[in-house]
Amino acid sequence: MPDLLLELRSEEIPARMQRKAAGDLRKMLTDGLVEAGLTYEAAREYWTPRRLALDIRGLTARSKDIREEIKGPSTTAPEQAVQGFLRKAGLSSVAEAHVHSDPKKGDFYVAHVSKPGRAAEEIIAGLVPDIIRNFPWPKSMRWGPASAKPGSLRWVRPLQSILCTFGPETEEPVVVDFEIDGIRSGNVTYGHRFHAPGEITVRRFDDYVSKLEAAKVVLDADRRKEIILADARNLAFANGLDLVEDEGLLEEVSGLVEWPVVLMGAFEDAFLAIPAEVIRLTIRANQKCFVTSRPISPLEGEMSAKPTEGVGTTGRDSLSHTEDAGAPHETTPSALPGISPSRGEISELSNRFILTANIEASDGGKEIAQGNGKVVRARLSDALYFWTTDQGDLPDLAELEASARKFGLDLKKPLDQRIARLDHLNVTFHAKLGTQGARVERIRRLAEELAPLVGADPALAARAAVLAKADLTTEVVGEFPELQGAMGRKYALLQGEHPSVAAAIEEHYKPQGPSDYVPSDPVSIAVALADKLDTLVGFWAIDEKPTGSKDPYALRRAALGVVRILVENRIRLGLTTIFGSASMNYTVGNIDQVRDLLAFFHDRLKVYLRDQGARHDLIDAVITPQSDDLLQIVRRVEALGTFLDTENGKNLLAGTKRAANILAAEEKKKTAIAETVEPALFREDAEKSLFAAVNQAEKQAGEAIQNEDFSAAMLALSVLREPVDSFFERVLVNDEDQAVRANRLALLARIRAATDQVADFSKIAG
């Protein structure tokens with residue numbers, strides 16, 4: 001079976017686009033080959049900064065001949081229908097069609113169409129140019145003299161050559177010949193831009209890889225990552241240091257080099273006064289370099305190190321829509337891999353960093369490392385300025401006194417100054433929801449109300465809520481929005497705030513996604529809930545809800561955050577009451593959409609529970625439109641699932657569903673059902689036994705639910721199993737006597753009412 005090798009070589013492709021582009025190329029080409037009638041055994045994509053490559057093994061040499069019958073209209077059909085059939089079948093006249101007969105439908109036309117197979121080279125030569133012209137780059141460009149012509153070729157960067165060979169291992173492969181905008185396919189590629197820029201003639205994939213390797217090009221991106229990581233670890237270890245690993249940076253760096261050469265640079269120890277997060281972000285963002293740390297002793301590790309947990313989502317999903325130039329934007333903070341101040345910091349950073357060059361320099365990389373060191377020092381100088389400036393006084397303190405009185409701030413403290421400035425500048429949070437200062441006031445009031453409900457000190461919760469957004473106006477966060485919250489925590493500790501207040505400043509953004517950690521400190525919980533609930537109620541009040549896949553204000557994430565905080569901390573909270581308290585903060589719109597917002601929370605809870613493995617039908621059986629205690633819903637689902645795993649549960653489910661189905665059918669027919677059960681109308685012992693059992697189960701289950709003991713409620717209902725089974729075995733519900741029938745249907749309604757106390761059994765599968 002022949003193999004296909006395809007390479008599209010260009011100027012440097014942005015690292016962030018490479019992996020997806022290679023996957024798109026594989027999918028587009030293999031889909032096209034299959035659609036054309038070819039099959040293949042395996043396909044794998046490769047990429048470097050200057051090339052996308054595809055290795056397809058076991059590709060059939062020719063598509064099969066196709067013979068098919070296309071059924072047409074009746075021979076008596078109108079001429080227009082007949083002509084449409086001829087066009088579809090590719091026939092020039094009705095004389096080329098065959099007539100078939102059907103005993104019921106009569107005579108009708110049939111076209112016997114034969115399509116000869118095509119050589120794989122012909123199919124490939126037609127597919128690849130079309131793929132290149134329609135490739136889904138996020139951004140593309142035209143270049144050269146041809147760019148002035150309409151319809152000229154677009155590519156992410158100027159396309160320079162196309163390599164395309166095809167053939168079995170036992171024979172000399174052929175070049176699949178095609179041309180696109182003056183670039184003709186061939187069997188030639190080129191090596192490393194500096195080390196081996198000459199032509200390389202290629203036969204098939206194996207010698208393609210080996211010849212590129214000899215020309216200083218490592219084709220496999222994952223192998224480049226392994227080389228960079230191993231060499232970086234070894235270089236750090238050789239210098240008595242540990243590499244601070246970063247998977248995202250490793251992925252990016254591997255897309256910047258074809259021949260990775262790992263080097264070490266340095267900066268002055270004085271810069272280590274800057275927080276580790278700031279140093280790392282500065283070096284990462286500006287120079288794409290890794291930082292290193294000094295190893296800690298086992299004893300130090302036991303005393304201070306904490307495991308790093310979930311990492312926040314990346315991106316800048318802004319909740320700030322400012323109208324004032326230079327206003328701070330509240331973004332989604334994202335912790336750096338390996339550094340999360342509230343969940344365990346890395347050990348002390350060193351003044352050495354690891355960089356990845358794309359060449360083997362004659363001086364061993366000394367000049368490259370020194371050049372990177374100069375740039376790093378300049379960037380760190382800026383960062384040091386930001387860090388020290390944030391701890392000094394603002395120049396406009398006299399103008400901030402009114403805001404300071406409003407929030408009870410101490411203008412001798414840097415964070416207090418910055419929240420006062422945020423309020424004083426009237427920075428817009430949202431055009432319809434007022435300023436950031438007004439929002440801080442709303443969050444403070446709500447956090448104070450929530451504090452006793454979650455076991456927090458109201459005064460600490462209020463203080464944390466006031467300072468939570470203060471770091472939005474700091475220089476460091478202005479440069480690195482990813483550090484909002486984290487820097488607020490650091491600055492809070494520097495000015496002597498309570499540790500719970502400092503933690504809440506960072507953790508009120510948490511959790512940022514399904515894998516992010518959930519705050520557990522009561523003050524953090526109070527402020528995190530207040531922040532998210534204020535956002536949700538506010539946007540519901542102005543009717544700015546998520547629609548379809550669009551969620552510009554990350555409201556689904558906020559609701560899921562509330563769900564996780566309440567459920568994972570086992571907190572009981574009536575959301576309807578909190579919605580009412582939060583809505584009182586607004587002077588715009590109204591909050592008569594509480595039911596809709598509660599339904600939105602139900603949807604998020606369903607997603608969360610399904611991800612935890614809960615059955616969707618059990619969730620639906622427990623949730624009612626009025627359910628506003630999320631933890632109680634979870635406990636009901638847990639108890640119901642446990643009960644239904646028992647034989648009693650399975651049998652009771654079958655009996656109650658039978659009762660519910662009979663009731664539903666009779667209610668649909670508007671059959672008379674007695675309002676109450678009358679024991680005097682019982683004719684069978686099974687009726688009497690069931691009535692007694694229902695009375696007992698209903699009472700005991702109700703008492704258990706009042707005590708919120710859902711397992712006990714299920715156990716109380718389990719006594720219904722035998723009397724229900726016996727009732728359906730011995731009693732005919734639809735008795736000829738109308739009064740008896742209505743009484744028996746009323747008894748079934750009692751069964752439904754008893755079980756409905758814990759769940760709607762009719763929604764449970766099985």
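The values are calculated or read from the model by the stated rules, or taken from the named source; none is laboratory data. It should be emphasised that the depicted structure is a prediction, and the values quoted were computed from it without experimental measurement. Neighbour counts run over all protein chains shown; Cβ positions are idealised from the backbone, glycine included. For accessibility, only protein heavy atoms count, side chains too; no ligands or nucleic acids. Shrake-Rupley method; radii C 1.70, N 1.55, O 1.52, S 1.80 Å.
Side notes on the structure shown:
- Any hit, the stretch 465-478, residues being farther than 20 Å from residue 421 by Cα, at pLDDT below 95 and either open to solvent by 10 Å² or more (accessible area, probe 1.4 Å) or in contact with a Ser or Thr (Cβ under 8 Å, 6 or more places away or on another chain) (or both): no
- Restricting the stretch 516-529 to residues that are within 20 Å of the chain's Cα centre (by Cα) and closer than 16 Å to residue 604 by Cβ leaves a set whose member that is surrounded by the fewest Cβ atoms within 10 Å (Cβ to Cβ) is 518.
- Taken over the stretch 735-765, the criterion of being assigned to a helix (DSSP H, G or I) and of a type outside the set (A, V, I, L, M) is satisfied by 738, 741, 743, 744, 750, 752, 755, 756, 761, 762, 763.
- For residue 416: the one exception among (1) more than 22 Å from residue 529 (Cβ to Cβ); (2) open to solvent by 20 Å² or more (accessible area, probe 1.4 Å); (3) among the acidic types (Asp, Glu): (2)
- Of all residue pairs spaced 6 or more apart or on separate chains, those with beta-carbon atoms under 9 Å, a first member in the stretch 198-211 that is within 18 Å of residue 185 (Cβ to Cβ) and a second member that is part of a helix (DSSP H, G or I) and among the aromatic types (Phe, Trp, Tyr) are 200/208; 202/208.
- The residue pairs whose first member lies in the stretch 63-75 and is surrounded by fewer than 14 Cβ atoms within 10 Å (Cβ to Cβ), whose second member is outside any strand (DSSP E or B), and whose beta carbons are closer than 7 Å, counting only pairs six or more residues apart or on different chains, are 64/37; 64/117; 65/116; 65/117.
- Index of the failed condition, residue 165 passing every other in (1) of a type in the set (S, T, N, Q); (2) over 30 Å from residue 58 (Cβ atoms); (3) open to solvent by less than 70 Å² (accessible area, probe 1.4 Å): (2)
- The stretch 251-270: number of residues that are in contact with a strand residue (DSSP E or B) (Cβ under 8 Å, 6 or more places away or on another chain), in a helix (DSSP H, G or I) and surrounded by fewer than 21 Cβ atoms within 10 Å (Cβ to Cβ): 1
- Which numbered condition residue 656 misses (of (1) at pLDDT below 90; (2) among the polar types (S, T, N, Q); (3) open to solvent by 40 Å² or more (accessible area, probe 1.4 Å)): (3)
- Restricting the stretch 37-47 to residues that are part of a strand (DSSP E or B) and of a type in the set (D, E, K, R), the residue that is surrounded by the fewest Cβ atoms within 10 Å (Cβ to Cβ): 44
- The residues in the stretch 704-715 that are in a helix (DSSP H, G or I) and either surrounded by 23 or more Cβ atoms within 10 Å (Cβ to Cβ) or among the polar types (S, T, N, Q) (or both) can be counted, and the count is 5.
- When we screen 151, 144, 167 for residues that are within 24 Å of residue 197 (Cα to Cα) and modelled with pLDDT under 95, the only hit is 144.
- Test: residue 50 is open to solvent by less than 30 Å² (accessible area, probe 1.4 Å) and within 30 Å of residue 358 (Cα to Cα): yes
- Among the residues examined, residue 326 qualifies as closer than 22 Å to residue 487 by Cβ, open to solvent by 20 Å² or more (accessible area, probe 1.4 Å), at pLDDT below 90 and out of contact with any Lys or Arg (no Cβ under 9 Å at 6 or more places or on another chain).
- The listed residue being within 23 Å of residue 633 (Cα to Cα), open to solvent by less than 20 Å² (accessible area, probe 1.4 Å) and not hydroxyl-bearing (Ser, Thr, Tyr), out of 579, 539: 579
- Of the candidates 110, 99, the single residue that is modelled with pLDDT of 85 or more and touching a Lys or Arg at 6+ places or on another chain (Cβ under 9 Å) is 110.
- Pairs where the first residue, in the stretch 734-750, is β-branched (Val, Ile, Thr) and the second is open to solvent by less than 60 Å² (accessible area, probe 1.4 Å) and outside any helix (DSSP H, G or I), C-beta under 9 Å, 6+ apart: 740/682
- Applying the criterion of being of a type in the set (A, V, I, L, M) and part of a loop (DSSP other than H, G, I, E, B) to the residues of the stretch 591-648, the residue that is farthest from residue 718 (Cα to Cα) is 591.
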